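Worksheet: one structure, shown below.
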Amino acid sequence: MANTQDIRRRIKSIRSTSQITKAMQMVAASKMRKAQQHALSGRPYAALMNKVLVSLQKRTDPTLHPLLHVREASNFDQTKTVFVVTGKKARQFVARTKRELLADFELKDAPGFVETKPLAKFCLEKFLTREVDKVSVLYTHFVNTINQKPVAQTLLPISPFDLPKKHDESKEAEDVDPMLGYLFEPNALEVLDIMLPYYVEYQVFQMILDARASEHSARMVAMKNATDNANQFIKDLTLEYNKIRQAGITTELLEISTAQMALSG
């Protein structure tokens with residue numbers, strides 16, 4: 001009986017844990033849906049902005065713009081690299097690995113575009129004043145609920161713009177101005193000068209949205225797996241408990257039957 005009591009205590013403890021993980025799963029699922037919606041809703045706008053920038057690139061000499069100029073920046077070197085972070089985990093990583101923290105931006109769970117602009121402007125300023133020669137962003141790209149990819153993407157200098165290539169698209173089709181028939185006022189160069197900083201700001205905003213969607217998705221999946229594992233463990237323990245009880249009852253019946261036979265004899 002002591003064994004069955006121990007199993008009952010374990011079942012009670014695990015059931016309590018599963019209730020906690022289930023509640024955390026529901027909270028994470030609610031945040032995940034909102035974060036995913038925000039991350040995905042901005043992608044069509046980003047694609048249209050890229051289309052405009054491809055057109056501007058074709059009508060100007062983009063190599064003359066300082067945000068597009070590639071400098072002699074070395075590859076990652078801890079002694080020459082400084083970090084700008086947002087979020088507790090990134091801050092803790094920089095502190096734990098004894099890297100140089102240049103700035104730390106606090107953002108709420110679902111930041112708006114205006115709230116992420118100071119971070120982007122800070123990076124733009126450091127690049128334009130030549131305090132840094134290259135800005136790379138490490139974040140998690142959101143693909144879907146169960147798939148998120150860690151990415152290291154160069155933010156500055158800005159890479160040449162390209163349209164997504166279609167499978168059967170010819171070389172001539174690739175060279176066509178995607179905004180053919182449109183005029184840029186006062187001229188393409190001035191529009192490009194305004195668009196590029198805005199592009200960087202929007203890129204940072206989209207990366208943060210992707211990271212948030214990835215974080216909440218991973219948390220929801222982890223809590224779901226924890227709940228499912230706890231429920232399966234409860235089923236296994238319940239089966240074991242029933243087997244022990246059945247074996248105990250069978251033993252008692254056999255002892256009673258043996259005693260009755262002995263008395264009859």
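Considering helices alone, the calculated mean residue ellipticity of the chain at 222 nm is -22000 deg cm²/dmol, with DSSP H runs of length four and up weighted by -39500 (n - 2.57) and normalised per residue.
In loop segments of segment 174-244 as defined by DSSP, the chymotrypsin sites (Phe, Trp or Tyr not before Pro) with at most 10 further C-beta atoms inside 10 Å of their C-beta are TYR182. Does segment 37-125 come out rounded, prolate or oblate by the C-alpha gyration tensor, with a ≥ b ≥ c the root eigenvalues, rounded set by a/c under 1.5 and, if not, prolate when a/b is larger than b/c and oblate if not? Oblate, because a/c is 1.5 or more while a/b does not exceed b/c. If you average the C-alpha positions of segment 9-56 and of segment 173-229 separately, how far apart do those two centres end up, in angstrom? Spelled out, the Cα-based centre of one part sits 17 Å from the other.
Taking the solvent-accessible surface of protein heavy atoms with a 1.4 Å probe, what is the per residue accessible area of segment 6-81 in Å²?
Values: 5010 Å² over 76 residues.
With all protein chains present, segment 6-81 gives 66 Å² per residue.
Within the chain, DSSP assigns beta bridges of which about 70% are antiparallel (rounded to the nearest 5).
Accessible surface area normalised per residue over segment 190-239 is 44 Å², counting heavy atoms of protein chains with a 1.4 Å rolling probe. Matching the structure-derived percent of Cα pairs over 32 Å apart against the labelled list [x] 24; [y] 43; [z] 48 gives the label [z]. What a 1.4 Å probe finds exposed on the chain is 57% carbon and sulfur by accessible area, rounded to a whole percent.
Label-to-label distance for GLU190 and ASP162 is 3.3 nm, based on points extended 7 Å past Cα in the beta-carbon direction.
The values are calculated or read from the model by the stated rules, or taken from the named source; none is laboratory data. Since we're looking at a predicted model, the values are computed, not measured. For neighbour counting, all protein chains shown are included, and Cβ atoms are generated from backbone atoms with ideal geometry for every residue, glycine included. These area figures cover heavy atoms from the full protein model, side chains too; ligands, DNA and RNA do not enter into them. Shrake-Rupley method; radii C 1.70, N 1.55, O 1.52, S 1.80 Å.
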